Amino acid sequence: MENGSKKVLKPMDSEQLREYGHRMVDFIADYYKTIEDFPVLSQVQPGYLHKLLPDSAPDHPETLDQVLDDVRSKILPGVTHWQSPSFFAYYPSNSSVAGFLGEMLSAGLGIVGFSWVTSPAATELEMIVLDWLAKLLNLPKEFMSKENGGGVIQGSASEAVLVVLLAARDKALRSVGKNTLEKLVVYSSDQTHSALQKACQIAGIHPENCRMLETDASTNYALRPELFQEAVSRDLEAGLIPFFLCANVGTTSSTAVDPLAALGKIANSNEIWFHVDAAYAGSACICPEYRQYIDGVETADSFNMNAHKWFLTNFDCSLLWVKDQDSLTEALSTNPEFLKNKASQANLVVDYKDWQIPLGRRFRSLKLWMVLRLYGAETLKNYIRNHIKLAIVFEQLVSQHPNFEIVTPRIFSLVCFRIVPANNDEKKCNNQNRKLLEAVNSSGKLFISHTALSGKIVLRCAIGAPLTEEKHVKEAWKVIKDEASFLLHK
C-alpha cells in the first residue's frame, strides 16, 4: 500500500506470517536437530556482542535471511543451551512441542488478559487448567476455584512468594494494626530460595525480622519443626508478631523436603500464613509414589510449583494456589474508572490483575492446556519417572567410584556429589571441586552447577532436560570422571 512515495507497514500480514512462520519453525526445528553440536555452556567473553552488532538500529528494513544469518553467527555462540540433553545445571527449564505451540498461539492471538472482560477465555481457561492440575496433585478442595480459593499463573516462584507475602502482611496488619510492620516476622529454613529475601525487602519486612533457621545434614537439610517452634515462642515473648512461614518441597541446593504437616500444625496454631514452595519438585507429586512429599499441604494457605521447570511447559508458567483469594485481592486490587465494567462491578468474575503485581498478563494458560491435552497425565508421569531413573543411574556411577561421594540422599532427579577429601582436608577438597566444575563446564560437553552445604562445595547434576537419555548421563559421567582423574594426578 503506497502513501506518496512511502510504503506503509503492515506488521501482521497473514501471507507474510505464513511464509516467515514456516521458515522460523524450520529454523527452530533445525536447531533442535543439531543442538548437541553446540557447546552447552556459552564460551564467549563479556561484551562480545557489542563488538559484532552496529551501534544503531537500521533505518530501512532488512531481510529475514540477514537476521537469521546473524542469529547463527552472532547470537547462538552467546547462548547457553538449556534444552541440550547435556544440560544438568540449576534445575531444568522444559520446552516441548506442545508448549511451543501454545506460546505460538498466545503470541498470535496477542491478547492482554488482565480482566475477565478483556478476554473471557483467557481467565476461564486459566481457572480450569489450574483446577485440573490441583486434581492431579490431589490438593485439598479449598484450593479449587469452586471454593473461595483458586489458582493463578505467575511468571515465577519469586513472584508467587511475593504476592502471598504481601497478602499475609496485609492480613496481619488488618488484625494487629497498620503501625506494627516493624514487628512482623518471617520464617524459613536457610535452604530457602533467595527470592524470599527479595520479597521481604520489597514488602518492607525489617531484615532483622527474617528468620533463616539453620539446617544440617542430620535432617538432610530439612527444617526441624522444634526449631521453628522455639523461634516463634522466642519472638512472641519479645513482643514480635510471627506472620509468615515458607516451607520447601525440593530446595534449590539439594531438594530437601520440609515436614509440611508438623510445620503446618505450628503455623496454624499461631495464625501464621503457611506457604509451600514446591517450584521444582511439585511436578513429581502428580506421580502417586511421590505424592507423599506434599503430605500436610492441607495445612497450607498457599502452594506453588513451576510448570516451566519439569512439566514440559515453556517458561514462564509458575502455578500458585491459595485457599483464600480474598486475601490476595485485598492486598493487590486497584479499581480505576478506566477499568470498570459490569461483570467486575457485579462481582461475577475473577480479574487476575488483582492476583499479581503487574496489570498486563499474557494468555499463558494456553500452553499448559496444550501440554495436558497433547501429552495426557499418564505420559507426563512417565516422563518424570524416566528422569528419576536416569538420576539413579548417575547416582550409582558416582557411588561406585572411590574418588567421589554422594553428599545428600537423592530424592527426585538431582544428584549432589563431590570429590572426596584426602586426609580430611576440606579446604583443599573445596578447591578441587571448584576446579573440577570449571574444567567440566569449559569443555562444552555438559553443564553442571554447584552449591555449598555445611561449608562443603557440592556439585549438582540435575537431570530433567526433555532430550536427555541414558547415553547422555553416562557421557557426562565419563567427562566428570576423566577431568577429576587429570586434576587429582597433576
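The values are calculated or read from the model by the stated rules, or taken from the named source; none is laboratory data. Values in this document were obtained by computation on a predicted structure and should not be read as measured data. Cβ sites come from the backbone with ideal geometry, for glycine too, and all protein chains shown count toward neighbours. Surface areas here come from the heavy atoms of the whole protein model, side chains and all, with no ligands, DNA or RNA. Shrake-Rupley method; radii C 1.70, N 1.55, O 1.52, S 1.80 Å.
Structure notes:
- Members of the range 95-123 found to be surrounded by fewer than 15 Cβ atoms within 10 Å (Cβ to Cβ) and not hydrophobic (A, V, I, L, M, F, W, C), listed by number: GLY108, GLY110, PRO120
- Which listed residue, of LEU380, LEU446, LEU437, is within 30 Å of LEU130 (Cβ to Cβ) and aliphatic (A, V, I, L, M): LEU380
- Cross-chain or 6+ apart pairs with Cβ under 8 Å, the range 383-394 first and open to solvent by 10 Å² or more (accessible area, probe 1.4 Å), then of a type in the set (Lys, Arg): ILE392/ARG410; VAL393/LYS474
- Residue among ASN347, ASN335 that alone is out of contact with any helix residue (DSSP H, G or I) (no Cβ under 9 Å at 6 or more places or on another chain), open to solvent by 10 Å² or more (accessible area, probe 1.4 Å), outside any helix (DSSP H, G or I) and more than 21 Å from ILE384 (Cβ to Cβ): ASN347
A quick yes/no check of all residues on (1) in a loop (DSSP other than H, G, I, E, B); (2) of a type outside the set (Phe, Trp, Tyr); (3) open to solvent by less than 30 Å² (accessible area, probe 1.4 Å):
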{"position": "ASN423", "(1), (2), (3)": "no, yes, no"}
{"position": "LYS427", "(1), (2), (3)": "no, yes, no"}
{"position": "LEU436", "(1), (2), (3)": "no, yes, yes"}
{"position": "ASN441", "(1), (2), (3)": "no, yes, yes"}
{"position": "LYS445", "(1), (2), (3)": "yes, yes, no"}
{"position": "HIS450", "(1), (2), (3)": "no, yes, no"}
{"position": "LEU467", "(1), (2), (3)": "yes, yes, no"}
{"position": "LYS471", "(1), (2), (3)": "no, yes, no"}
{"position": "TRP477", "(1), (2), (3)": "no, no, yes"}
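- Scanning the range 252-272 for residues that are open to solvent by 10 Å² or more (accessible area, probe 1.4 Å), outside any helix (DSSP H, G or I), of a type outside the set (S, T, N, Q) and on the phi < 0 side of the Ramachandran plot yields VAL257, PRO259.
- All of (1) part of a loop (DSSP other than H, G, I, E, B); (2) buried (at least 24 other Cβ atoms within 10 Å of the Cβ); (3) not acidic (Asp, Glu) hold for ASN304 with one exception: (1).
Conditions (1) under 22 Å from PHE143 (Cβ atoms); (2) touching a Pro at 6+ places or on another chain (Cβ under 9 Å); (3) assigned to a helix (DSSP H, G or I); (4) of a type in the set (Ser, Thr, Tyr), marked per residue:
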| site | (1), (2), (3), (4) |
| --- | --- |
| VAL185 | no, yes, no, no |
| SER218 | no, no, yes, yes |
| TYR221 | no, no, no, yes |
| GLY239 | no, no, no, no |
| ASN248 | yes, no, no, no |
| PHE274 | yes, no, no, no |
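- Whichever residue in the range 155-171 is charged (D, E, K, R) and over 18 Å from the mean Cα position of the chain (by Cα) and, among such residues, is surrounded by the fewest Cβ atoms within 10 Å (Cβ to Cβ): ASP170
- Some residue of the range 362-377 being part of a helix (DSSP H, G or I), free of Cβ contacts under 8 Å to residues at least 60 places away in the same chain and aromatic (Phe, Trp, Tyr): no
- In the range 44-81, the qualifying residues are those that are in a helix (DSSP H, G or I) and among the hydroxyl-bearing types (Ser, Thr, Tyr), and the one that is surrounded by the fewest Cβ atoms within 10 Å (Cβ to Cβ) is SER73.
- Qualifying residues in the range 314-330 (those that are open to solvent by less than 10 Å² (accessible area, probe 1.4 Å) and in contact with a strand residue (DSSP E or B) (Cβ under 7 Å, 6 or more places away or on another chain)) - the one farthest from LEU166 (Cα to Cα): CYS317
- Residue check, ARG410 open to solvent by less than 20 Å² (accessible area, probe 1.4 Å) and either modelled with pLDDT under 90 or in a loop (DSSP other than H, G, I, E, B) (or both): no
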